[in-house]
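None of the figures in this text is laboratory data; all of them are computed from the coordinates on show. The shown structure was predicted, so the numbers you read here are calculated from the model rather than taken from an experiment. Cβ coordinates were reconstructed from backbone atoms using ideal geometry, including for glycine residues, and neighbour counts include every protein chain displayed.
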Amino acid sequence: MSLPVPAADDAAMTRALELAASAPAHGDVPVGAVVTRAGEVIGEGRNLRERDGDPLAHAEIVALRAAASALGSWNLEDCTLVVTLEPCVMCAGAILQTRVGRVVFGAWDEKAGAAGSVHDLLRDRRMPHRAEVLGGVRAEEGATLLRAFFDEKR
Ligand SMILES: [Zn+2]
């Protein structure tokens, strides 16, 4: 089963997957993210936790910071975040803080996902801000990168 995915989101996911694939070169779990605005990429990131020794350097945070820096504003309400793995609780919090209007993600994270798996923070009606969510986009490709990484570590 696959839902039709807007072409701009599909292109951004291709880039996010490329970014994810480059993370294991420095020992990082392969997750990549891209922020788009009106179909243009304005920020990119990959997981840099190991490389930078930074516990907060998830791909989403890196991409959101790059986008805010490019725009000269913390407010990313007219942007879309595209990420290869369902955001965790921390990243969902960052998404709400930046007011990103849409989130497109790849693989589901049944253990720690905060966009529909364990939690659904991005659509929690008790929160003052919410984001539109499209999950499972090219999920198999995102999951395959993760599986290959963890198989190698074993
Ligand atoms: Zn995260």
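Points worth noting:
- Phi-derived couplings, Karplus 6.51 cos²θ - 1.76 cosθ + 1.60 at θ = phi - 60°, listed residue by residue for the stretch 49-62: 4, 6, 4, 9, x, 10, x, 9, 7, 6, 3, 4, 5, 4 Hz, with x used for Gly and Pro.
- Degrees, to the nearest 10: 7-22 long Cα axis against longest axis of the chain: 40 degrees
- If you take the Cα centroid of the stretch 33-53 and the Cα centroid of the stretch 62-79, the two points sit 10 Å apart.
- In a DSSP loop and with at most 16 other Cβ atoms within 10 Å, the chymotrypsin sites (Phe, Trp or Tyr not before Pro) in the stretch 69-133 are Trp74.
- Only helices enter this figure: runs of n ≥ 4 DSSP H residues, each worth -39500 (n - 2.57), summed and divided by the residues of the chain, yield -11500 deg cm²/dmol at 222 nm to the nearest 500.
- With an a/c value under 1.5 for the gyration tensor axes a ≥ b ≥ c computed over the alpha-carbon atoms, the stretch 33-146 is described as rounded.
- 19 Å reach of a label modelled at Leu71, 7 Å along Cα-to-Cβ, counting backbone N of the stretch 28-53: 33-46
- With respect to the chain, whose longest principal axis is taken over its alpha-carbon atoms, helix 89-98 is tilted by about 30°.
- Highest GNM mean-square fluctuation among Gly113, Gly43, Gly27, for the chain modelled with Cα contacts below 10 Å: Gly27.
- Between 0 and 90 degrees, the angle of helix 139-153 with respect to the longest Cα principal axis of the chain falls at about 40 degrees.
- Three-way shape label, the stretch 1-87, alpha-carbon gyration tensor, a/c 1.5: oblate
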